[in-house]
Amino acid sequence: AASLAQGAENRSATVWWNGVEEFGKAQISNSMSAAIRRGGTAGNVSMPAVFLHPQNDDRAIAKYPKVSLGLEGGIRVFLVTYVGIADGFTWGEEEHPADGARFYVDVDGRDVLTAEVRESKWVPVAAQLFEAPAGGAAFEAEVSLQTDCGGKANSNYDWAMFGEPLIVNTDGRTLRQATPVSGAGGVLIADVAGGAGEIIVEGLDNEGKLI
């Protein structure tokens, strides 16, 4: 393990945009309630979140100002977040039945992420937004977090949250199989092209021991 640590590649992920911290700049439309929850809780797990309660057939929208990045060649940009329904009510209630909510991340008028959640839990989602060509390039985009009530337009307990929505960039070079990495920033991107198998991630502690 120690020899692996000494030969490790140094990789990192950089956070360029945080939807919770930038929420005050967002334009809110068609939402029954929209707010920051510093301790948004779903499935008894808490994290900083954007609460965006839809109210009818149309989407509730939190539209943010344009994000602009200057990138070196080969850098890849991703949006990563959790989506979930907040704790605090009883699923299966007959008088006000809940059926979950749908979530969308819109970039420049295009849905790059969609998800539907029908229970109180967090679901991790991610999408690649851009890959800088050789020589580098600028990346600009308008990001919107959006929710709706689902196909039945039932807004009961649609306590929809985006947990820690971030735009991050990371080195786009492909790692060789079983390559150790140091300095990783908590983001692992795996491109899967069909077939079956497993993705196994092992870490090293400060003493170089596997964890």
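The table for this structure:
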read-out: Rel. contact order, % - alpha carbon contacts under 8 angstrom, at least six apart, segment 32-134; value: 30 percent
read-out: Carbon/sulfur fraction of accessible area - segment 15-139, other protein chains in place, 1.4 Å, %; value: 46 percent
read-out: Lys121 - accessible surface, heavy atoms, 1.4 Å probe, Å² rounded to 10; value: 80 Å²
read-out: Per-selection Rg to Rh, segment 1-136 - Cα, Kirkwood hydrodynamic radius; value: 1.05
read-out: Ranked packing of 94-105, 26-37, 161-172, most packed first, by mean Cβ within 10 Å; value: 161-172, 94-105, 26-37
read-out: Alpha carbon centroid spacing (whole Å) that separates segment 42-97 from segment 118-134; value: 11 Å
read-out: Efficiency of FRET between Lys25 and Ala134 - r from beta-carbon atoms, R0 41 angstrom, step 0.05; value: 0.75
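The values are calculated or read from the model by the stated rules, or taken from the named source; none is laboratory data. Note that this is a predicted model, so its numbers are computed, not measured. Glycine gets a Cβ as well: all are built from the backbone with ideal geometry, and neighbour counts include every protein chain shown. To get the accessible areas, we keep the full protein, side chains included, count just its heavy atoms, and leave off ligands, DNA and RNA. Shrake-Rupley method; radii C 1.70, N 1.55, O 1.52, S 1.80 Å.
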